[in-house]
Amino acid sequence: MKELSPLQKARYQYQPKLPGMLRNGISEICVKEGAATQSVADQEKIAALFPNTYGKKEITFEKGTNTSVAKKQVVGVILSGGQAPGGHNVVSGLYDALKATNKDNVLIGFKGGPSGLIEDKYIIFDDEYIDQFRNTGGFDIIGSGRTKLETEEQFAIATEVCKKHGVTAIVIIGGDDSNTNAGILAEYFAAHNTGVQVIGCPKTIDGDLKNEDIECSFGFDTATKTYSELIGNIERDANSAKKYWHFIKVMGRSASHVALECALETQPNICLIGEEVAAKKMSLSQIANQIADSVVARSNKGMNFGVAIIPEGIVEFVPEFGKLIAEINELLAGSKADAFNALDSWADKYAFIEKGLTKESMAVFALLPESIQQQLFLERDPHGNVQVSLIESEKLFAELVGNILKDRKAKGEFNGKFGTQHHFFGYEGRCAFPSNFDADYCYSLGYNAFMLIQYGFNGYLSKVSNLSKPAEQWVAGGMPITKMMNIERRHGEDKPVIRKALVELDGAPFKYFEAHRDEWAVETCFTFPGAIQYYGPAEVCDLTTRTLALEKSK
């Protein structure tokens, strides 16, 4: 028998808070319809691709007589993509709403992500099994996976599996790609009159699945609080030892929400925001010099230490680096890769590269540390492209800054010390015990997902809003997944996808950061969030993210 930690035992007993209108009891929840919707862009193309699920109305649940048709529900649930704290509570909320409506309702968990539906690998949940996972982190309740449901063959198999089990609805818990696939699957089920509904739930610690309706994706709160605790600990260590600059990479390849939230929580000396880098067309040299300026200014005050937060995908936002990557991909296309790999020494390979790149891209390449140069040519994805996400950007900028400081020291412009430490916070935050906020939010998303199923909605995302307020004031409802879609170029084809939300440079969170960062760059303004608190005053335990608080502040 496995031993349970005291916190694990205590969290099993925590009862998540629901939005006020969902506390009335299933029989006293009715639907209020809103306006018809359209996609964020490419309306004609999206409408043509989703004739059965496009343009549906947003809905809100309110107190009133439940008018849904009573029938036995057999619901399948899938966890898709990377883990995010709170996923277990989405499943728990879904299960509890389903059983509260009719004890004969069934919840089937498809194992290992979307592939579980295709391979018919599943578990039927009961109270004893569910109770082991309430308010805990991770996705180990059924596991996750990254298989995409996107082909006619997959959809046909999914239809047969659903028919076999009598499934009436599928709930897909995932990020933008997973919910895009949920929308496509919903359209297929509707077009083929399968009678199976599909509901999505917004998950990603990266925070880039958000819009005017989805105020934040679940897991973002817990993950950023976890990273911020660690960053705060490092800041305190730096201020104690006073001898290192810590370069800390955090999750977020396509957007810098995690980095910005952690900066708002901890007030480091430097935080790079990829969206700003792209907007200002900043070069690697400009970014490194900006960090070096902070190092010098602090050194002049006798502070040879500091903290810099680097978003995981920062280099993809640097225009000159993007051009370099494109040229490298072209340089090694097809048989040319074999010719390159046949070369024995790095010197020979370097000469090959120098001959194949434009002068501008070669200048950028030459600026990179040799370890990063080699990594660009050793690590390829299945399509033969550079895996930019594997670049150790924290080490890249630490070395670039170090080289700049050597030059400044030679010119008598810098007389301090520059020692570095490197960190990457990623997996540490994905499966943490969910904060009270995420435990409540996720339970509400799952409970709400079943209400959408009960009322017959298909191709909708479970939506809980007004999240900066106490849970009693949260608003539950649903929005058509197609509302978030646009057309993007993927693998040489136009594809409907949910648009990722980037950091808004005119938004309140970034503006607050922008107004204070010059002071943070020079002075020691570190703040120490500490560990996530689960018990105590609500203003400490139920605190939402700084990002959401600033976005919703009047």
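The values are calculated or read from the model by the stated rules, or taken from the named source; none is laboratory data. Note that this is a predicted model, so its numbers are computed, not measured. Glycine gets a Cβ as well: all are built from the backbone with ideal geometry, and neighbour counts include every protein chain shown. We work out accessible area using only protein heavy atoms, side chains counted, and drop any ligands, DNA or RNA first. Shrake-Rupley method; radii C 1.70, N 1.55, O 1.52, S 1.80 Å.
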With point charges of +1 on the Cβ of Lys and Arg and -1 on the Cβ of Asp and Glu, referenced to the Cα centre of the chain, which listed residue (540, 353, 467) lies farthest in the positive direction of the dipole?
540
Using the charge dipole of the stretch 105-212 (Lys, Arg: +1 at Cβ; Asp, Glu: -1 at Cβ; taken about the Cα centre), state which of 173, 157, 209 has its Cα farthest towards the positive end.
157
Given H placed on each backbone N at 1.01 Å, which residues far from residue 246 in sequence or on other chains put an amide H within less than 5 Å of it?
306, 307, 308, 421
Förster radius 25 Å - calculated FRET efficiency between residue 494 and residue 156 (Cβ-Cβ, nearest 0.05)
0.60
Based on the Kirkwood radius over alpha-carbon pairs, what value in µm²/s does the Stokes-Einstein equation return for the translational diffusion coefficient of the stretch 272-379 at 37 °C and 0.692 mPa s?
209 µm²/s
Report the label-to-label distance for residue 103 and residue 342 in nanometres (one decimal), using points 7 Å from each Cα along the Cα→Cβ vector.
7.5 nm
Projecting the Cα atoms of 278, 246, 516 onto the charge dipole of the chain, where Lys and Arg contribute +1 and Asp and Glu -1 at Cβ, the residue farthest towards the positive end is 516
From the C-alpha gyration tensor of the stretch 50-95, square roots of 5λ in Å:
25, 19, 14
State which entries of 63/163; 395/417; 72/164; 336/395; 463/483 exceed 23 angstrom in Cα-Cα distance in the structure shown.
63/163; 336/395
Taking each pair of different alpha-carbon atoms in the stretch 132-198 once, compute 1/r for the pair, average those values, and report the inverse of that mean as the Kirkwood hydrodynamic radius in Å to one decimal.
13.1 Å
Can you give the Kirkwood hydrodynamic radius for the stretch 189-254, in Å, rounded to one decimal and based on Cα pairs?
15.3 Å
Working only with C-alpha atoms, what are the Rg and Dmax values of the stretch 27-105, expressed in angstrom?
16.7, 44
For the stretch 116-132, 3J(HN,Hα) per residue [Karplus equation, 6.51 cos²θ - 1.76 cosθ + 1.60, θ = phi - 60°, Hz, x = Gly/Pro]
x, 5, 5, 8, 6, 9, 8, 9, 9, 6, 9, 4, 4, 5, 4, 5, 6
Computed log₁₀ I(q)/I(0) - Debye formula, equal Cα scatterers, no solvent, the stretch 317-460, q 0.09, 0.12, 0.15, 0.21 Å⁻¹
-0.52, -0.73, -0.88, -1.30
Which of the peptides 406-418, 363-375, 195-207 is most tightly packed, and how do the rest follow, judged by the mean count of other Cβ atoms within 10 Å per residue?
195-207, 363-375, 406-418
For the stretch 95-166, list log₁₀ I(q)/I(0) at each q in 0.17, 0.25 Å⁻¹, using the Debye formula over Cα point scatterers of equal strength and ignoring solvent, two decimals each.
-0.73, -1.16
With runs of 4+ DSSP H residues as the only contributors, calculate the mean residue ellipticity of the chain at 222 nm using -39,500 (n - 2.57) per run, divided by the residue total and rounded to the nearest 500.
-13000 deg cm²/dmol
Take peptides 317-324, 22-29, 328-335 and line them up by average Cβ neighbours within 10 Å, highest first, as a rough protection proxy.
317-324, 22-29, 328-335
Residue 233 and residue 290 label points (each 7 Å along its Cα→Cβ direction) are spaced in nm at 2.9 nm
What nm distance separates the two modelled labels at residue 527 and residue 541, each placed 7 Å from Cα along Cα→Cβ?
2.2 nm
Over all distinct alpha-carbon pairs, what is the Kirkwood Rh of the stretch 401-496 in angstrom?
18.8 Å
Karplus 3J(HN,Hα) series, Hz, for the stretch 369-377 with 6.51 cos²θ - 1.76 cosθ + 1.60 (x for Gly, Pro):
x, 4, 4, 6, 4, 5, 4, 4, 10
If R0 is 25 Å, what FRET efficiency do you get for residue 549 and residue 146 from their C-beta distance, rounded to 0.05?
0.15
With +1 assigned to the C-beta of every Lys and Arg and -1 to the C-beta of every Asp and Glu, and no other charges, what is the dipole magnitude of the stretch 418-554 about the Cα centre in debye, to the nearest 20?
540 debye
Net dipole in debye of the stretch 59-212 [+1 Lys, Arg Cβ; -1 Asp, Glu Cβ; about Cα centre; nearest 20]:
380 debye
Per residue, in Å², the accessible surface of the chain once ligands and nucleic acids are set aside, probe 1.4 Å:
42 Å²
Take the eigenvalues of the Cα gyration tensor for the chain, scale each by 5, and report the square roots as semi-axes in whole Å, largest first.
43, 29, 20
Using a 1.4 Å probe on the protein heavy atoms, what percent of the accessible area of the stretch 309-454 belongs to carbon and sulfur?
50 percent
If you plug each phi of the stretch 499-514 into the Karplus form 6.51 cos²θ - 1.76 cosθ + 1.60 with θ = phi - 60°, what whole-Hz ³J(HN,Hα) values come out, in order, with x for Gly and Pro?
5, 5, 8, 8, 4, 8, 6, 9, x, 4, x, 5, 4, 5, 4, 4
For the stretch 154-283, what % of the accessible area comes from carbon and sulfur atoms, probe 1.4 Å?
48 percent
Test item: Cα-centred dipole of the chain, Lys/Arg +1 and Asp/Glu -1 on Cβ, debye
620 debye
